[in-house]
Amino acid sequence: MTDDIARGVCHHCGEALPATPVIRIVKGESQAYCCTGCAGAAQFISDAGLSDYYQLRAEQGQRVGEEPTDFSAFDRDDVQREHSRQVSPECREITLVVEGMRCAACSWLIDRAVSQIDGVEEVQSNAMSGRVQVRWQPAKTQLSAALQRLASLGYTPHLAPGEALEKARIKERNTLLMRLGVAGIGALQTMMFAEALYLDTAGEMSDPTRDFFRWIAFAVAAPVVFYSGWPFLVGMWRELQHRRFGMDTLVASSVLLAYIASLYETLRGGRHVWFDAAVMFVFLLLAARYIEHMARQRANAAVDALARARPALAWRVLPEGGTEQVPVAQLQAEDHVRVGVGEIIPTDGDLLDGIGEVDEALLSGESRPVEKQIGDALFAGSTVRRVPLQMRVTRTGQDTRLSHLVQLVERAQNSRPRIAQLADRISAHFVAALAVIALGVYWVWSLYTPERAFEVALAVLVVSCPCALSLALPAALATAAGALTRLGALPLKPDALTELAEVDTVIFDKTGTLTRGRPEIRDTRLLPAASAQGWQVADAWRVAAALERESGHPLAQAFAFIDSPAAERVRVEPGAGVEGRLDGRSWRLGKQAWACGLHSPGKDDDHGIWLGDGQRGWARFELQDALRDDAADALARLRALGLQIEILSGDAAQAVEATASELGVSLWHARQSPEDKLAWVRQRQFEGHRVAMLGDGINDAPVLAGANVSIALGGGASMAHRAADLVLTAESLLRVPELFALARRTRRIIRENLAWALAYNLLALPFTAMGWVTPWMAALGMACSSLLVTLNALRLSRTIWQAPASTNKDSR
């Protein structure tokens, strides 16, 4: 028996073994598996001669579904025309986004396993971006065969829409690699010839031999300067067009000066040439830029997968009971759709029957499936587990939660944080000052040692190039963005993370934020106006459900189980309730004074939800909403980070007090209108506090916009998303303290990078000005400095530190 059996974990995926595991003999050894799917994958890997995968992998594999997924729809001509391209008369090529590819061993396994299919010409996978390129011959094999092979190994393939964008990304990556390769080869060759010249310390080399080496170095350096260094030359031209100095101006001018001056010295038979410095400068800077590019690619991979993991087809349920497969674009609201096990939910909707499990990992980062019951919301991009589901479509296309979040994130990615803009301005002033310093150094040296004046001035330009300063912030912010995505948080404003690090006070909304957002009706009381019309409790529920149906407030879920028509002219009154027309009458649902007017019997009641017509009360609902299981632990971790916790809620004082007491929060306010919440946040800011606000409803939008930094829950109203700085797609509140920990780590990394970049330039400049550093040494030092800040930023991609739980209570 193997070590995996002794540890009680599956040999393939590493999950815990059930009471009766599946035992298979593989290569003469008895192995235990959690399910027949994992056992079958391991058997195929062994039979195909790919068992090295288990020695090469850095992480456990993905659990394999026991029920096969039907990929036949991917063989349709209309699907392939949209998502693949003809690369030769016999072959087509498609790019897939593959879920579950975690390390280089996964890429190795996919390449070899799929390539063994007869008719598959080529497979190229990238574990970092999560993409697989498949080139196949449709006359010999179907695309579904390759997808089925991927699924049988535990990898879930999705179509990647936007082929033009994908081709542009591949071209950009390949061009950067080509430039880097040319620069690397050129640098090695040029350094080889330069070393021969450096070793001639006694001056015994003949002039023809010396000139021969110099002309060879000139020829080898030319493609490095003008091909590999082309991005810097173009960047310099753009900066000069905009009349500003930046890193590209300094890099390109330094390289051109070294190259042209070396050519001049070669022509006139001078003592020194600096071809080696020019090519090393380009090569090392390109290496740093490539590492930053890969960091950005890794940071964007999860968001990119979120945007692209959408099915092309869906099974629509026909009125007579059958099903038809249609493009997702043809689905409309109120359509009924059947989603099989392992398939992606195509649109937003509601579960119609049964109890199911849905994997929302792409949306929330949660690895565990979420249980869904009748009436629960289902979101596009989620994967169905265990049993097939039937859903009613509510939102399609660009109106889905998935599309909405992706649009907001893409908008944020096109903006630059204020701190990055400040770094750019500092860098521009630094470049201008450095140019003046280099001229001064050249003038001083020309007075005493003219033959070294240019060499020293060039070294000053190179060694003090603010490349590290320019990379210090972008590298850290790009890596932090990737870490945010893995936490299930999407940044919607460019300054969200930097602002979060400065917060000292966190204010929570209650309903749907600290509570589960799934209220239940505990009691319904009919008032005289309803009794006079012969109403039953079901009639009051029907009107309330019609009003709340499209409100987007968490309280709407209390009435989700009731079948009712949609109300007309529905309008949400922030801080008061919702109103609309049903059966020819205007109705209001919310606070007593607003919903019932001044003619309701009895004194004003601060509890419950009231149904009225604006003049009289018709019914009163008592609701209850349980706390989230992780709310107490999340707040304890926030306290351990030194943050003060407060609660602002529009609910009744009794409900808010009970929640605050259970969570140990001493500062809370109930029956707060949106204006009241915003006023309280303004007061806290006036007192000198930096405030973060967490909410999810439409009535939270003003205070979310007014806080220093705001976090909206992904399942909340879209207006709250638009007002927020971050959207937390994960269901767990434990991600909130992790966000604060990440923000503080990012701030520390940025400070370390800036401190190093400034210290390096301040220390290197005087030594270089004294002539102790040659141009090639300056290029090496500058590039190493740039690589250092980039690698330091990559530390943010590691596991995020979590504050230890604390039981300390808040104090005012």
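Values computed for the structure shown
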| read-out | value |
| --- | --- |
| Full-extension gain in nm, ARG671 to ALA48, via 0.36 nm per residue minus C-alpha separation | 217.7 nm |
| Accessible area in the full protein assembly, largest first, 1.4 Å probe, for LYS372, LYS140, LYS591 | LYS140, LYS591, LYS372 |
| Accessible surface ranking that places the most exposed of LEU791, LEU796, LEU180 first, with a 1.4 angstrom probe | LEU791, LEU180, LEU796 |
| Computed label-point distance, nm, for sites ARG271 and HIS293 using a 7 Å Cα→Cβ extension | 4.0 |
| Efficiency of FRET between GLN124 and ALA433 - r from beta-carbon atoms, R0 51 angstrom, step 0.05 | 0.60 |
| Residues ARG81 and GLU320, FRET efficiency given R0 of 30 Å [Cβ-Cβ distance, rounded to 0.05] | 0.50 |
| Projected label distance in nm at ASP70 and ASP539, using a 7 Å step from Cα toward the beta-carbon | 4.7 |
| Per-pair calculated FRET efficiency, R0 = 25 Å: ASP629 and ALA593 via Cβ, rounded to 0.05 | 0.10 |
| Label point distance in nm, VAL387-ARG690, each placed 7 Å from Cα along Cα→Cβ | 4.9 |
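The values are calculated or read from the model by the stated rules, or taken from the named source; none is laboratory data. In this text the structure is predicted, and so the values were computed from the model without any measurement. So basically every Cβ, Gly included, is an ideal-geometry build from the backbone, and we count neighbours across all protein chains shown. Ligands, DNA and RNA are stripped out before the accessible areas are found, and what is left, the full protein with its side chains, is counted by its heavy atoms. Shrake-Rupley method; radii C 1.70, N 1.55, O 1.52, S 1.80 Å.
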